[in-house]
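Each remark here refers to the structure printed beneath this line.
Read-outs throughout are calculated quantities, based only on the coordinates presented, and are distinct from any laboratory measurement. From a predicted model like this one, the values you see are computed outputs, not experimental measurements. Neighbour counts run over all protein chains shown; Cβ positions are idealised from the backbone, glycine included.
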Amino acid sequence: MKFLEERVYLLIRLYQDSRSENSKLRKELAASYEQCEKLNEKIHVAADRLETLLTTIPKNE
């Protein structure tokens with residue numbers, strides 16, 4: 001009976017640890033997505049600026 005109690009306790013602890021780790025990973029993933037969105041926005045802004053600069057450069061004809 002003691003062996004079974006220990007196994008159940010271990011199973012519960014592992015379950016709780018897994019839930020905690022999953023929660024942490026979800027938060028990290030959400031932060032990564034947010035950072036990715038910010039970087040994509042910066043890329044678009046830089047590309048727009050570069051395109052504007054390229055239109056102001058005189059063409060050699």
Using the crude model of +1 on Lys and Arg Cβ and -1 on Asp and Glu Cβ, and no other charge, please compute the dipole size for the chain relative to its Cα centre, in debye to 20. 320
Once Rg/Rh (Cα atoms, Kirkwood Rh) is worked out from the coordinates, which option in [x] 1.63; [y] 1.03; [z] 1.53 does it equal? [x]
Theoretical gain in end-to-end length, Glu28 to Arg13 [0.36 nm per residue, Cα-Cα removed]: 3.1 nm
Ranking Pro58, Leu4, Leu39 by how far each Cα lies towards the positive end of the charge dipole of the chain (+1 on Lys and Arg Cβ, -1 on Asp and Glu Cβ), the top one is Leu4
For Lys27, go through the lysines and keep the ones whose alpha-carbon is under 17 Å away, minus same-chain ones fewer than eight residues off. Lys38
Calculate how steeply helix 2-56 sits against the longest principal axis of the alpha-carbon atoms of the chain, using the helix alpha-carbon long axis, and give the answer as 0 to 90 degrees to the nearest 10. 0
